[in-house]
Amino acid sequence: MSQDKQVVSPLPGIFYRKPDPDAEPYVKEGDPVKAGDVIGLVEVMKNYQEIQVEEDGTIASFAVGNEEVIEAGQVIVVLK
Amino acid sequence: MSGIQKILIANRGEIARRIIRTCRRMGIRSVAVYSEADQHALHVREADEAYNIGPSQVKKSYLNIDKILEIALHCQADAIHPGYGFLSENAVFARKCEEHGLTFIGPDADIIEQMGSKIVSRQSMQQAGVPVVPGWDGRLNSAEEAVDAANRLGFPLMLKASAGGGGMGLRLVRDEEELKRLFASAQQQASSSFGDGSLFLERYVQDARHIEVQLAADRYGHVIHLFERECTIQRRNQKVLEESPSPVLSNALRNQLCETAVRGAKEIGYTNIGTMEFIFDEQSEQFYFLEMNTRIQVEHPVTEAITGLDLVELQIKLAQGEPLPLKQHDVRSTGYALEGRLYAEDPKTFFPSPGTIEQLQLPEEGVRLDFAVEEGSVVSPFYDPMIGKMIVHADNRQAAIEQFHHLLKHIKVEGIKTNLALLQGITADPDFQQGQYTTNYLKRKKLLALKTD
């Protein structure tokens, strides 16, 4: 039994962990997050959509890497 | 004169298909390149040869200069057509093409570089006597310097990235606080998106129109204009609908604008085809240089419709060193042309809508369709949302609008959302029909997007 929660992408596209290539990632494994915090961006057709967490928690792991291609509904992050 | 035998098209979608069409007519072999996402795309099937250039992300495929050059050399192409977007205004790419003995179908690399910097192009145009939007030409090194310049110019202002283009890298600043707040992030974004963090300030011309002049130039100092296009209807600084002639220019003003553009292009030694973009203030009848696009543009069919010329053919001939095949007095503008862009996006939020096109019904007559998709095509999330263009040409503006509006009703796209209803709304709107609109039109007419008839 696990109490882990998942954050999924609402869109297909390219996932970015940082706001721009030279910046620090939005969040790292082990970081606490609050509902509404941004954990990354999904680029779809030259538009950038912020991905937010819906509940408070801690980042347990990232299921996709930076600049990885993702599908709609794919898990991005697992929260503890 | 070296006759071009084989052209590699470093692009995708409708513009790749458009270039293939002209190549075929001219007896030139065409080479397509494609990313993984595009393996079933129309341009791949239509070209004489096609090569995979890597993963779907543009950085790894359509922007991969080394890979594209490798394929061009491997298949023994003698020229590269960059289309629009991607590498089309990349001076490094143009230079590398020439270094590898490949003809770059576009202007010389030095010109691309010069016009790619908005700060430098403003200065060049000023020297040529072309009016520019009042502003601060120098590079702004700090927020303090920006505030200083802004206070001399007066708000509202546009904070612009020198290397930006296509509506990107622009920020409207209304006061000192906003300028201070936005400066660092604008600099940061310009640096990461365009590789150059230089910013400058321009006066914000409210309720202006966006009118551009199509130019053609050979290597022997001859420059002609192919009249203007009015591209004022925009969303997020991206064009939606274009027409020619502009409904607001008198013949005298049209001549003045077109001749000014020719003078500017001559002054900088421009070659190949290009477009000079202007902001036009209807009240004062003043126009100001905005930027120069050193490539073929999305809206080139509007000019092709009124002049009867094939701009891709012209590009190829000019790139292989031929003199301009016609003089200014040979170019005539006939009738009225209108182009609408079909975007895979929600017409209300303008948010992209990738997916599979389940059904596609297009009119067969009375319209030029430059489309990137067919039934069953997957509109990929990796590229531009524009899936096609519809172009009509009629005797006068009213007839063109009626024809266009009628045609839109016969277009059906299912499986993804499109802006079809928005285009219908615009062409049914009395203000648009009377030619009364500015760059704020869509914002002002927000509700129009909701209407379908």
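Tabulated values for the structure
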item: Loop GluC sites (Glu not before Pro), segment B:152-239 (other Cβ atoms within 10 Å of the site Cβ: 13 or fewer; DSSP); result: none
item: Qualifying chymotrypsin sites (Phe, Trp or Tyr not before Pro) in segment B:190-285, DSSP loop, other Cβ atoms within 10 Å at most 14; result: B:Tyr220
item: Cα-centred dipole magnitude for the protein assembly as shown, charges only on beta-carbon of K, R (+1) and D, E (-1), debye, nearest 20; result: 520
item: Candidates per trypsin sites (Lys or Arg not before Pro) in segment B:163-209, loop by DSSP, up to 16 other Cβ within 10 Å; result: B:Arg174
item: Mean Cα-pair separation over length for chain B, i.e. relative contact order, pairs under 8 Å, 6 or more apart, %; result: 14
item: Normalised contact order of segment B:6-105, rounded percent, pairs of Cα under 8 Å and 6 or more residues apart; result: 29
item: Summed buried accessible surface, chains B and A, 1.4 Å probe, nearest 100 Å²; result: 1400
item: Segment B:Arg45-B:Val147, extension gain: residue separation times 0.36 nm, minus the distance between their alpha carbons; result: 31.3 nm
item: For q = 0.12, 0.19, 0.24 Å⁻¹, Debye-computed log10 I/I(0) when each Cα of segment B:344-436 counts as one equal scatterer; result: -0.40, -0.93, -1.27
item: Peptide A:45-56 - average C-beta neighbours from other chains (10 Å radius); result: 3
item: For chain B, share of DSSP beta bridges that run antiparallel, in % to the nearest 5; result: 80
item: Förster radius 25 Å - calculated FRET efficiency between B:Asn251 and B:Ala399 (Cβ-Cβ, nearest 0.05); result: 0.80
item: Accessible area of segment B:134-203 belonging to carbon and sulfur atoms, whole % at 1.4 Å probe; result: 48
item: Pairs beyond 22 Å (Cα-Cα), from B:Lys60/B:Lys96; B:Lys239/B:Lys317; B:Lys59/B:Lys317; A:Lys18/A:Lys46; B:Lys409/B:Lys443; result: B:Lys239/B:Lys317; B:Lys59/B:Lys317; B:Lys409/B:Lys443
item: Computed over chain B, the ratio Rg/Rh where both radii use C-alpha atoms and Rh is Kirkwood; result: 0.94
item: Whole-number accessible area per residue in Å² for the protein assembly as shown, which is evaluated in the context of all protein chains at 1.4 Å; result: 42
item: Accessible surface of segment A:5-79 [probe 1.4 Å, protein heavy atoms]: carbon and sulfur percent; result: 45
item: The protein assembly as shown: C-alpha pair distances exceeding 30 Å, %; result: 52
item: Rel. contact order, % - alpha carbon contacts under 8 angstrom, at least six apart, segment B:304-354; result: 34
item: Percent of beta bridges antiparallel (DSSP, the protein assembly as shown, rounded to nearest 5); result: 85
item: Hypothetical label at A:Lys18: residues of segment B:195-216 whose amide nitrogen lies under 17 Å (7 Å Cα-Cβ projection); result: B:195-197
item: B:Asn440 versus B:Glu176: modelled label distance in nm, points set 7 Å from Cα along the beta carbon direction; result: 2.5
item: Computed lengthening from B:Ala428 to B:Arg263, 0.36 nm per intervening residue step minus Cα-Cα distance; result: 55.6 nm
item: Exposed-loop-free span, longest in chain A, where GluC sites (Glu not before Pro) count as exposed if DSSP calls them loop and at most 13 other C-beta atoms lie within 10 Å; result: A:1-28
item: Orientation-averaged projected area, Cα convex hull of segment A:2-80 (nm²); result: 4.8
item: Computed [θ] at 222 nm, helices only, for chain B once each DSSP H run of length n ≥ 4 contributes -39500 (n - 2.57); result: -9500 deg cm²/dmol
item: With DNA, RNA and ligands ignored, accessible area of B:Thr334 (1.4 Å probe; Å², nearest 10); result: 80
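The values are calculated or read from the model by the stated rules, or taken from the named source; none is laboratory data. Keep in mind it's a predicted model, so treat the numbers as computed, not measured. Quick reminder, even Gly has a Cβ in these numbers, built from the backbone with ideal geometry, and neighbours come from all protein chains shown. What goes into the accessible areas is simple: the full protein's heavy atoms, side chains included, and nothing from ligands, DNA or RNA. Shrake-Rupley method; radii C 1.70, N 1.55, O 1.52, S 1.80 Å.
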